Amino acid sequence: MSFGITDLRNSTVWQLYRMREQIQIDPEYQRLGDIWAPDNRQLLVDTILNGFDVPKIYLHKFPKPILKGGKTYEFAIVDGRQRLETMWAFIEGRITLDDEFKYFKEPKVLAGGMTYEELGQSYPDLKSDYDGFVLSVVLIETDDLEMIEEMFSRLNEAAPLTAAEKRNALGGPMPIAIKKLSKTSLFTKKLPFPNKRYRHFDLAAKFLLTERERKVVDTKKTQLDEFVEEYKAKPRNKLPTFVKTASETAAGMSKVFGDNDPLLRQLGMVMVYYHLFRVARDNKWSASVTRKKLVDFNRMRDENRAAVEQGNKKVDLDLVQFERYAQSPNDSAAIKFRLQLLAKRAFGRTLKLGEL
């Protein structure tokens, strides 16, 4: 495996606009990305024009160009998709400056509501400042796609690199239970990603915590660490009863999902599916959960995302929120919303908060 990190030279707004055809904006992991509202997009343009700091953008530089959908790409966006698309949208006249835009260096500038073209006509120097604004762009050079997906997850969740590994080193029955669960067919056959950097162990710990609590809970680092620590002094050879329940739920999922199932690519969705199977089990409608219904729901998501990106006003706002909450895969409120919407749209089930 090769791996390297470098900075992109001449990384101005205009240079990145010229490179846009070489940049794949929608690699698989980018489906987790948020959708910005118009005011968020205008705020970014405002930030650039006023010379304020913009967070780093991360691009995956392919070892060699790839062909996708008839197009050749040299890069893919790891983090910063909405920022890049917003910058490009302003140049192409698809968004304008906020009506209340203020240029702090020169208050007499009255550019509120202007398009990029109008800005160039009225304030050419300001347009040049926008074009020449230097962004911090990091190039990740590797052929390990799992590492790229891991970086995307960490950039969005701020997850510590060795959290699952540290939990695995603790005493008590939980590390044993985590390993045991991660050896079931759901993990060894159905998940389309390996246990690199203990991703399976992290997911198994979330399953176990969920079954112990018997409801949707936060599954952030703090909660998982406390969960494993709580059992540290208990006998290693005595596994709690909820370990068996978690294994049974995972077995139920294995019967529905295929080997290396693309529906399970994202950790956040795996957790939502786990809760779906858990709730269906407890309320005796497991037989209704089919892969076809899950695929149909994913198709709805894809169609709605396309409508949003095309500027279609007739979009499903609940599905938009579903995508936004993908940025908080370990937050109980986000999981509950996604679980309720999935159950309602895919299975016609209205889940009350008390059932979650």
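Rule-based calculations on the coordinates, nothing more; no lab input. Quick caveat: nothing in here was measured; it's all calculated off a predicted structure. FYI the Cβ positions are ideal-geometry reconstructions off the backbone, even for glycines, and counts take in every protein chain you see.
Footprinting exposure proxy ranking of LYS105, LYS127, LYS206, fewest other C-beta atoms within 10 angstrom first, gives LYS105, LYS127, LYS206.
GNM remark for the chain: springs join alpha carbons under 10 Å apart, and the peak mean-square fluctuation among LYS215, LYS71, LYS232 falls on LYS71.
Over the chain, dividing the summed -39,500 (n - 2.57) contributions of all DSSP H runs of at least 4 residues by the number of residues returns a 222 nm mean residue ellipticity of -14500 deg cm²/dmol.
The stretch between THR188 and LEU110 holds 22.0 nm of extra length on full extension. This uses 0.36 nm per residue minus the Cα-Cα distance. By definition, a body whose alpha carbon gyration tensor gives a ≥ b ≥ c is oblate when a/c is 1.5 or more and a/b is not larger than b/c, and segment 277-349 fits this oblate description. For segment 4-156, dividing the convex hull volume of the Cα atoms by the residue count gives 114 Å³ per residue. If only the Cβ of Lys and Arg carry +1 and only the Cβ of Asp and Glu carry -1, the dipole of segment 4-156 around its Cα centre is close to 260 debye. Highest GNM mean-square fluctuation among GLY112, GLY80, GLY252, for the chain modelled with Cα contacts below 10 Å: GLY112. So if R0 is 56 Å, what FRET efficiency would GLU226 and SER122 give, r being the distance between their Cβ atoms, rounded to the nearest 0.05? Working from the Cβ atoms, E equals 0.45. For the chain, averaging the sequence separation of C-alpha pairs within contact (under 8 Å, six or more residues apart) and dividing by the residue count gives a relative contact order of 18 percent.
Its relative contact order, with pairs defined as Cα atoms under 8 Å and 6+ residues apart, puts segment 163-355 at 24 percent.
What is the list of residues in segment 329-356 whose amide nitrogen lies under 13 Å from a point 7 angstrom out from the Cα of ASP318, following Cα to Cβ? Zone members listed by number: 337-352.
Look at the alpha carbon pairs under 8 Å that are at least 6 residues apart: their mean separation over the length of segment 4-156 gives a relative contact order of 38 percent. Of the residues ALA346, LEU59, MET300, the one whose Cα sits farthest toward the positive end of the charge dipole of the chain, with +1 on the Cβ of Lys and Arg and -1 on the Cβ of Asp and Glu, is ALA346. Taking the Cα centre of the chain as origin and assigning +1 to Lys and Arg Cβ atoms and -1 to Asp and Glu Cβ atoms, the resulting dipole is close to 2320 debye. Look at [x] 205; [y] 159; [z] 142: the one that is volume of the Cα convex hull per residue in Å³ derived from this structure is [y]. Pairs of lysine residues in segment 4-156 that meet both criteria, 8 or more places apart or on different chains and Cα atoms under 20 Å apart, total 4. Listed from fewest to most Cβ neighbours within 10 Å, the set THR115, THR96 follows the order THR115, THR96. Between GLU92 and VAL295, the contour length at 0.36 nm per residue exceeds the alpha carbon distance by 69.6 nm.
Picking from VAL54, VAL270, VAL216, which is most flexible by a Gaussian network model of the chain using Cα springs under 10 Å? Residue with maximal mean-square fluctuation among VAL54, VAL270, VAL216: VAL54. Of the residues TYR123, TYR231, the one with the fewest other Cβ atoms within 10 Å heads the list, and the complete ranking is TYR123, TYR231. Distance between the pseudo-spin-label points of ASN237 and ALA287 (7 Å out from Cα toward the beta carbon): 4.2 nm.
Extension gain, GLU100 to ARG214, is 36.1 nm, computed as 0.36 nm per intervening residue step minus the present C-alpha separation. Spin-label model, LYS352 to TYR17: label points 7 Å out along the Cα-to-beta-carbon direction sit 5.6 nm apart.
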